[in-house]
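Structure, as structure tokens:
Nothing in this text is a laboratory measurement; each read-out follows from the coordinates by a stated rule. Computed from a predicted model, the values in this text were never measured in an experiment. Backbone-built Cβ (ideal geometry, glycine too); neighbour counts: all protein chains shown.
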């Protein structure tokens, strides 16, 4: 596991030391940054496989770091670690491209489980899924249809993948939320509806594929 390098962007030296020591004990390599500029420099120059990102950094917001990382490398897994546990902060982090969100204090075993899950997803072998003429390349994280290729965010692609893996099946909002968003996310929010709207506008849907609303039940990707 020593080939995995994790960047810890955390301004509290004791927390950063705790994280790096624990990660090293599990066989991960770790580099730490105490401010946003150092974190960005390391993310852009080192072969980083995953970022643990605090939202509160001394020189600029962790969300700024996230945005710039996403512009440079849309596929780099980013897990937010922060004491900010309000719904708005979670939604902002996830909407701007974070792959997961864990609030302090947390159990280190849970952090390790989430890291393993993100690394498994990133390192999955190339797989192509199809829904009619719609093609999802899970390695390249691209969606193509008769009208071209869709430019989707990571969260949008994850949502589309869920629908394509369950064609003609009604998926409730709660099921979608628990699959795509991290544990503890506000199930009562309308984030699923918002992202479904994004998919309807962005995806080059084939004429025989419809992402439909099932009143009172959820959504269904109807094929044929």
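Applying 0.36 nm per residue to the separation of residue 194 and residue 5 and subtracting their alpha-carbon distance, the gain on full extension is 64.6 nm. Over the chain, dividing the summed -39,500 (n - 2.57) contributions of all DSSP H runs of at least 4 residues by the number of residues returns a 222 nm mean residue ellipticity of -12000 deg cm²/dmol. Taking Cα atoms only, the orientation of helix 154-165 departs from the longest principal axis of the chain by about 40 degrees. Here the range 186-217 is scanned for amide nitrogen atoms under 15 Å from the site 7 Å beyond the Cα of residue 95 along Cα-to-Cβ, giving 186, 189-199. The ranking of 202, 222, 104 from fewest to most other beta carbons within 10 Å of each one's beta carbon is 104, 202, 222. Cβ-Cβ distance of residue 215 and residue 88, R₀ of 30 Å, FRET efficiency by 1/(1 + (r/R0)^6): the value works out to about 0.55. With angles folded into 0 to 90 degrees, how steeply does helix 13-25 sit against the dominant principal axis of the chain? Use alpha carbons for both and round to 10. For helix 13-25, the angle is close to 70 degrees.
For the chain, the longest principal axis of the alpha carbon atoms and the long axis of helix 108-122 meet at an angle near 50°. Site pair residue 24 and residue 130 shows an inter-label distance of 5.1 nm when each label is modelled 7 Å from Cα along Cα→Cβ.
Would you please classify the overall shape of the range 7-65 from the alpha carbon gyration tensor, given that a ≥ b ≥ c denote the square roots of the eigenvalues, rounded means a/c under 1.5, and beyond that prolate means a/b larger than b/c while oblate covers the rest? Since a/c reaches 1.5 but b/c is at least a/b, the shape of the range 7-65 is classed as oblate. Potential lengthening of the chain between residue 142 and residue 162 amounts to 5.8 nm, from the contour at 0.36 nm per residue minus the alpha-carbon distance. Is the range 5-122 best put as rounded, prolate or oblate by its Cα gyration tensor, with a ≥ b ≥ c the root eigenvalues, rounded for a/c under 1.5, and otherwise prolate when a/b is larger than b/c, oblate when not? Note, shape of the range 5-122 comes out rounded. Legend: ranking of residues 208, 158 from fewest to most surrounding C-beta atoms inside 10 Å; resulting order 208, 158. Here are several values of Kirkwood radius over Cα pairs in Å: (1) 18.5; (2) 17.1; (3) 18.0. Which one was derived from the coordinates shown? Structure-derived value, by its label: (1).
As a proxy for reagent exposure, 100, 54, 137 were ordered by neighbouring Cβ count within 10 angstrom, fewest first; the result is 137, 100, 54.
What full-extension length gain, to one decimal in nm, is calculated for residue 117 and residue 17 as 0.36 nm per residue of separation minus the Cα-Cα distance?
33.7 nm
If R0 equals 30 Å, the separation of the Cβ atoms of residue 67 and residue 169 corresponds to a calculated FRET efficiency of about 0.30.
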